[in-house]
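Down below is the structure, laid out as structure tokens.
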Amino acid sequence: MAEIFVSGTEGLEGRVHSVRGPVVDVRFNNAERLPAVYDVIMTQTIDKQKVVLQVAEHLGGKDVRCISLTETLNLQLSAKVVCTGSPIKVPVGDELYGRIINVFGEPVDQMGPLDSKEFRVIRVPPVLDPFNTKDKFGEVLEILETGMKYIDLLYPLVKGSKTGILGGAGCGKSVVILELINNIVKKHSGSCVFAGIGERVREGYDLFQELKESNLLDKVKLVFGQMNETPGCRYECVNTGITLAETLAESNKDVLLFMDNFYRFIQGGQEISTLLGRVPGESGYQPTLASEVNYAEERIRSIPGRGSITSFQAVYVPADDMTDPAVVAIFSNLDNVMALSRDLAQKGFYPAIDALRSASSFLDPLIVGHRHYRLGGTVLTLIAKYNSLKRIVQVVGIDELPKQDQIDFKRGEKILNFMTQPFAVAEPYTGKPGAYLHIEETLEDVEKIVNGAYDKLGSQDFYLIGRAPS
């Protein structure tokens, strides 16, 4: 762990000089003794509500500019501020299992205070170790089974990898993340950290109840920076979540890190950048977009000789534009990219993964085996052919196609239907029990479909089921 340097300003006092929404300027008495950038400063409103400020800039002279991590309602000019002398620190002990904390490490689940003895600073200098794939994934790549046919077949997950689930609003990103948590955490012997970044309070509550009912709560640490909170809070929530995961990995544990939604981290940074008056890039994002994303992503790494961090990141895609600079900055760091399709979601295909816009670094015969690799390639070929023939069939009908094209079209349609499955986390809404398939079961059923064993059945027989019809 990198050594943390404190600024030596603990207890230093100043006064609020100006307040403009979440931007607060503070004036100190001595220009030669100021809090460092990212240090936390505490003050309070006229009705005694705590206000947490984070130093963003030194303005010259005795003034510093801060971003408020809490509401500034009723904060007055000349209110006294006190420096803490360090950046945000959060508790990282085992007492966090089954608890929800905010970006400062304070419990927000109304389950009483935390008895914490170990704290960590959430911002640390980047580690500049030589890159080694064995350090990242281990000597032998270990496949994580998800129980979801589409993912296990075409986008196999490896311990220590980063997986992004990209899609616009309403395409099912959060549901896929919840199903992954439900399926993997049950089978996984390690620990889990969930960072809810700028998403709905309702979704956080639903996740908490789902984990509680599934008896998984004692394996999960949750940190929320929700959409009703300040941009600084949403921005730093990522670092709090990663810090919890890093601490677990350092104690020789394999960690699953779920982040929903990583785009809201960028959005929080964009708001902060605008509030600080920085000139935006051509697309409206902060000029430091790439460095901010890369700083966070590079911290999500396995620790040689110790534990691993396997991350799953839901990423909102603005206006379904996969060329959006924020989206591009994120998926350049990912090992697996699963792009969700609005068209498939509207047709009721769940998970609504667009196979031809998604990719995996691990669909490789040396990793998954030759049979799995061959079946994955055949499935992608059939889906591509189905998509190319679909418009022709809509115009002239399937009977006008050559015989082999008719066979491939029908098999491609069966494959697309078979890749759907009922989710356990959606059972309260659909009334259908969730399906979990082992990788070998998925390969066996897919092999039968592509080899023609089910050619006499209709494609509707494969929609939203677990195993293929016997």
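The values are calculated or read from the model by the stated rules, or taken from the named source; none is laboratory data. On a predicted model such as this, the values are computed, not experimentally measured, just so you know. Every residue, glycine among them, receives a Cβ derived from its backbone with ideal geometry; neighbour counts consider all protein chains shown.
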| request: Scan segment 387-400 and report the pairs whose first residue is loosely packed, with under 11 Cβ neighbours inside 10 Å and whose second residue is part of a helix (DSSP H, G or I), with Cβ atoms within less than 8 Å and a gap of 6+ or a chain change. | output: ASP399/GLN406
| Among the residues of segment 199-213, is any crowded, with 19+ Cβ neighbours inside 10 Å, more than 16 Å from the chain's Cα centre (by Cα) and closer than 22 Å to LEU69 by Cβ? | no
| task | Would you be able to say whether some residue in segment 195-203 is over 19 Å from GLY164 (Cβ atoms), assigned by TED's automatic domain parsing to the domain that holds GLY160, modelled with pLDDT under 95 and assigned to a helix (DSSP H, G or I)? | result | yes
| query | What pairs can you find where one residue is in segment 414-426 and among the polar types (S, T, N, Q), the other is assigned to a helix (DSSP H, G or I) and buried (at least 22 other Cβ atoms within 10 Å of the Cβ), and their Cβ atoms are less than 7 Å apart, with a gap of 6+ or different chains? | reply | GLN421/LYS149
| query | When you scan segment 363-470 for helices (runs of 4 or more DSSP H) that lie fully inside it, which ones turn up with 1 or more residues that are hydrophobic (A, V, I, L, M, F, W, C) and in contact with a His (Cβ under 9 Å, 6 or more places away or on another chain)? | reply | 439-450
| remark: Subset of segment 248-274, residues touching a strand residue (DSSP E or B) at 6+ places or on another chain (Cβ under 6 Å) and among the hydroxyl-bearing types (Ser, Thr, Tyr), comes to TYR263
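Which members of segment 85-116 meet the condition of being touching a residue at least 24 places away in the same chain (Cβ under 8 Å), among the charged types (D, E, K, R) and surrounded by fewer than 16 Cβ atoms within 10 Å (Cβ to Cβ)? Walk me through how you get there before you give the answer.
Taking segment 85-116 first, the residues touching a residue at least 24 places away in the same chain (Cβ under 8 Å) are 85-93, 96-105, 108-109, 116.
Still in the running and among the charged types (D, E, K, R): 89, 99, 109.
ASP109 - this is the single residue of segment 85-116 that is touching a residue at least 24 places away in the same chain (Cβ under 8 Å), among the charged types (D, E, K, R) and surrounded by fewer than 16 Cβ atoms within 10 Å (Cβ to Cβ).
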| query | Do you know which residues across segment 46-75 are out of contact with any strand residue (DSSP E or B) (no Cβ under 7 Å at 6 or more places or on another chain) and touching a residue at least 60 places away in the same chain (Cβ under 8 Å)? | reply | GLU71
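Checking the conditions here, which among GLU282, GLU236 is crowded, with 22+ Cβ neighbours inside 10 Å, among the acidic types (Asp, Glu) and out of contact with any helix residue (DSSP H, G or I) (no Cβ under 7 Å at 6 or more places or on another chain)? Outline the logic, then answer.
Working: GLU282 fails: crowded, with 22+ Cβ neighbours inside 10 Å.
Testing whether each residue is crowded, with 22+ Cβ neighbours inside 10 Å, among the acidic types (Asp, Glu) and out of contact with any helix residue (DSSP H, G or I) (no Cβ under 7 Å at 6 or more places or on another chain) leaves just GLU236.
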| request: Would you mind listing the helices (runs of 4 or more DSSP H) fully within segment 259-354 where at least 3 residues are within 17 Å of the chain's Cα centre (by Cα) and of a type outside the set (Gly, Ala, Ser)? | output: 262-275, 289-299, 325-331
| Enumeration of residues in segment 12-38 that are assigned to a loop (DSSP other than H, G, I, E, B), out of contact with any Gly (no Cβ under 7 Å at 6 or more places or on another chain) and surrounded by 14 or more Cβ atoms within 10 Å (Cβ to Cβ) | LEU12, LEU34, PRO35, ALA36, VAL37, TYR38
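Please find, within segment 413-453, the residue that is surrounded by the fewest Cβ atoms within 10 Å (Cβ to Cβ) out of those that are touching a Pro at 6+ places or on another chain (Cβ under 7 Å) and of a type outside the set (D, E, K, R). Walk me through it before giving the result.
Filtering segment 413-453 for residues touching a Pro at 6+ places or on another chain (Cβ under 7 Å) gives 422, 427, 430, 432-435.
Subset that is of a type outside the set (D, E, K, R): 422, 430, 433-435.
Details: PRO422: 17, THR430: 12, PRO433: 10, GLY434: 18, ALA435: 17.
Step by step, filter segment 413-453, then rank; the result is PRO433.
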| Which is in contact with a Leu (Cβ under 6 Å, 6 or more places away or on another chain) and aliphatic (A, V, I, L, M), of ALA345, ALA339? | ALA339
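Only one of SER116, SER161 is in the same structural domain as CYS237 (by TED's automatic domain parsing), at pLDDT 90 or above and of a type in the set (Gly, Ala, Ser); which? First the steps, then the outcome.
On the way: SER116 fails: at pLDDT 90 or above.
None of the others qualify; the one that does is SER161.
Restricting attention to segment 252-263, does a residue exist that is under 25 Å from CYS171 (Cα atoms), of a type in the set (A, V, I, L, M), in contact with a Leu (Cβ under 6 Å, 6 or more places away or on another chain) and surrounded by 21 or more Cβ atoms within 10 Å (Cβ to Cβ)?
Filtering segment 252-263 for residues under 25 Å from CYS171 (Cα atoms) gives 256-263.
When the remaining residues are screened for being of a type in the set (A, V, I, L, M), the result is 256-257, 259.
Those left that are additionally in contact with a Leu (Cβ under 6 Å, 6 or more places away or on another chain): none.
Within segment 252-263, none of the residues are under 25 Å from CYS171 (Cα atoms), of a type in the set (A, V, I, L, M), in contact with a Leu (Cβ under 6 Å, 6 or more places away or on another chain) and surrounded by 21 or more Cβ atoms within 10 Å (Cβ to Cβ).
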| remark: Given the conditions (1) more than 27 Å from the chain's Cα centre (by Cα); (2) under 17 Å from VAL238 (Cα atoms), every one holds for THR43 apart from (2)
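Restricted to segment 39-61, and to residues that are under 26 Å from THR288 (Cα atoms) and in a loop (DSSP other than H, G, I, E, B), which residue is modelled with the lowest pLDDT? Even if it seems obvious, please write down each step before you answer.
Filtering segment 39-61 for residues under 26 Å from THR288 (Cα atoms) gives 39-41, 52-61.
Filter once more, so that each one left must be in a loop (DSSP other than H, G, I, E, B): 39, 61.
Numbers: ASP39: 95, GLY61: 91.
Looking at the filtered set, the residue picked out is GLY61.
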| Within the group ASN228, ASN215, ASN239, which residue is within 25 Å of PRO22 (Cα to Cα), outside any helix (DSSP H, G or I) and out of contact with any strand residue (DSSP E or B) (no Cβ under 8 Å at 6 or more places or on another chain)? | ASN228
| request: Kindly indicate the residue of segment 342-384 that is modelled with pLDDT of 95 or more and among the basic types (Lys, Arg) and also surrounded by the most Cβ atoms within 10 Å (Cβ to Cβ) among those meeting that condition. | output: ARG374
| query | Residues of segment 136-187 being surrounded by 23 or more Cβ atoms within 10 Å (Cβ to Cβ), more than 15 Å from the chain's Cα centre (by Cα) and in a loop (DSSP other than H, G, I, E, B), which ones? | reply | THR146, GLY147, MET148, TYR155, PRO156, CYS171
